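Enquirer: Quick one: structure below, then a few questions.
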Amino acid sequence: MIGQVSVAHATAVVGYDLFKDTIWQQAPYPRILSGVGCAGSAAALDAKISIYVGTVKVGEFYNSATGAVLVNQHMFAMNENVAAGDLIHAYVDIAPGTNPINVVVELLE
């Protein structure tokens, strides 16, 4: 399963959860977070997010490019277990300067 978000820079302030209110943020069955990609904002590497599974930080990612996440270029492989009921979060550490921030996650069910 692929989950995507695109959040306006005015909304994506430090501390904001980019995955807030997404249908795939939580599931009643276990999953594996197998990939994450981040792009957008005004310039590559000007925004940063932290990915959490429940309360455990599993990665930090800068936006690899402006624009959309290209799966064959901007995705980072992961292998994080997500227990049934756990929430996946993407908290903004460094806010995007302008333009939306875009994140793609790959979840294996």
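Enquirer: Count, please, the residues in region 32-52 that happen to be assigned to a strand (DSSP E or B) and open to solvent by less than 10 Å² (accessible area, probe 1.4 Å). Please lay out each step first, then the result.
Expert: Residues of region 32-52 that are assigned to a strand (DSSP E or B), as a first pass: 32-40, 48-52.
Filter once more, so that each one left must be open to solvent by less than 10 Å² (accessible area, probe 1.4 Å): 33, 35-40, 49-51.
Selection size over region 32-52: 10.
Enquirer: Here is a check on your reading of the model: is VAL58 crowded, with 19+ Cβ neighbours inside 10 Å and at pLDDT 95 or above? Can you show your working first?
Expert: Details: crowded, with 19+ Cβ neighbours inside 10 Å: no; at pLDDT 95 or above: yes.
Against the criterion (crowded, with 19+ Cβ neighbours inside 10 Å and at pLDDT 95 or above), VAL58 does not qualify.
Enquirer: For region 3-31, what are the residues that are closer than 18 Å to ILE49 by Cα, exposed (fewer than 14 other Cβ atoms within 10 Å of the Cβ) and touching an Asp or Glu at 6+ places or on another chain (Cβ under 9 Å)?
Expert: Result: VAL14, GLY15.
Enquirer: If we keep just the residues of region 66-109 that are at pLDDT below 95 and small (Gly, Ala, Ser), which is farthest from THR22 (Cα to Cα)?
Expert: Selected residue: GLY97.
Enquirer: Let me ask something else. Would you mention how many residues in region 61-85 are part of a loop (DSSP other than H, G, I, E, B), hydroxyl-bearing (Ser, Thr, Tyr) and out of contact with any helix residue (DSSP H, G or I) (no Cβ under 8 Å at 6 or more places or on another chain)?
Expert: Total meeting the criteria: 1.
Enquirer: So, one more: Let me confirm something: among GLY37, GLY97, GLY67, which residue is among the small types (Gly, Ala, Ser) and on the phi > 0 side of the Ramachandran plot? Spell out how you get there, then give the answer.
Expert: Working: GLY37 fails: on the phi > 0 side of the Ramachandran plot; GLY97 fails: on the phi > 0 side of the Ramachandran plot.
Only one candidate qualifies: GLY67.
Enquirer: While we're here: Please enumerate the residues belonging to region 67-90 that are surrounded by 18 or more Cβ atoms within 10 Å (Cβ to Cβ) and in contact with a Phe, Trp or Tyr (Cβ under 7 Å, 6 or more places away or on another chain).
Expert: Within region 67-90, ILE88, HIS89, ALA90 qualify.
The values are calculated or read from the model by the stated rules, or taken from the named source; none is laboratory data. Keep in mind the model is a prediction, meaning the values are calculated, not measured. Backbone-built Cβ (ideal geometry, glycine too); neighbour counts: all protein chains shown. We work out accessible area using only protein heavy atoms, side chains counted, and drop any ligands, DNA or RNA first. Shrake-Rupley method; radii C 1.70, N 1.55, O 1.52, S 1.80 Å.
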